[in-house]
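Visitor: Here's a structure for you.
The values are calculated or read from the model by the stated rules, or taken from the named source; none is laboratory data. Here the structure is a predicted model, which is why all the values come from computation and not from measurement. Because the Cβ atoms are built from the backbone with ideal geometry, glycine has one as well, and the counts that use them run over all protein chains shown. Areas reflect the complete protein model, heavy atoms only, side chains present, ligands, DNA and RNA absent. Shrake-Rupley method; radii C 1.70, N 1.55, O 1.52, S 1.80 Å.
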Amino acid sequence: ATFGRLPDQLFERCLRLYREVLSSIRIVFQPVVTIGESAGQVGVHSYEALARHSLADQSAPFALLQLAHTWGNHFVVERDKIILGKALTSYTLAHANSAWNGDVPKPVSVNVSVRSLLDDTYVETLRQLIDELQLHPNAVTLEISEQDAIEPWAGEQWGEAPLTYFNRRLA
């Protein structure tokens, strides 16, 4: 952020190192519970995938995740693709090894940035993972990070109202 553009070789080296660090994170799953008026209406609705340094950690690796924003779109999209892959793969494996493996898996949600949802390589990675892991597309929810506004970044023009552009692009 301080020095502006870096030489391509240094940028690529930093991206490779960032990918390596991201590959070490672990995914934990937090249940999302439904409530109702009777015991039969209470249960696990879905799971939210959460990135952690280790399975014992209670908090997210915020500095590691925020680092991508300093380096720009390419890092943000790479971060989100790696987390998506780890989350969906871990979820599929956890379900296969559970006592409920005969049941249809509950939906899973994964945080994602606006930048990634607008990027064709992220969308293609999502399509490939759903196909490879034999997930139903309706079982995957992409949850836009609360730290990510739906608006152009500084110096970027979308040519129409942000929500209009974003919705049109998603469609």
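Visitor: Among the listed residues 76, 28, 32, which satisfies the condition of being in contact with an Asp or Glu (Cβ under 7 Å, 6 or more places away or on another chain), in contact (Cβ under 8 Å) with a residue 12 or more places away in the chain and surrounded by 14 or more Cβ atoms within 10 Å (Cβ to Cβ)?
Guide: 32
Visitor: Taking only pairs six or more apart or across chains, which ones have beta-carbon atoms under 7 Å, a first residue in segment 53-64 that is in contact (Cβ under 8 Å) with a residue 40 or more places away in the chain, and a second residue that is not hydrophobic (A, V, I, L, M, F, W, C)?
Guide: Close Cβ pairs satisfying both conditions: none exist.
Visitor: Here's another thing I want to ask about it. Taking the condition of being part of a helix (DSSP H, G or I) and among the aliphatic types (A, V, I, L, M), how many residues in segment 40-85 meet it? Steps first, please.
Guide: Pass one, segment 40-85, residues part of a helix (DSSP H, G or I): 40-41, 62-71, 73-85.
When the remaining residues are screened for being among the aliphatic types (A, V, I, L, M), the result is 63-65, 67-68, 76-77, 82-84.
Of the residues in segment 40-85, 10 are part of a helix (DSSP H, G or I) and among the aliphatic types (A, V, I, L, M).
Visitor: Just checking: which of the helices (runs of 4 or more DSSP H) contained wholly in segment 95-171 hold 2 or more residues that are over 23 Å from residue 70 (Cβ atoms)?
Guide: Values: elements: 114-117, 120-132, 162-170.
Counting at least 2 such residues, we get 120-132, 162-170.
Visitor: Applying the selection to segment 143-163, what residues are closer than 23 Å to residue 85 by Cα and open to solvent by less than 50 Å² (accessible area, probe 1.4 Å)?
Guide: At the first step, the residues of segment 143-163 found to be closer than 23 Å to residue 85 by Cα are 143-148.
145, 148 - these are the residues of segment 143-163 that are closer than 23 Å to residue 85 by Cα and open to solvent by less than 50 Å² (accessible area, probe 1.4 Å).
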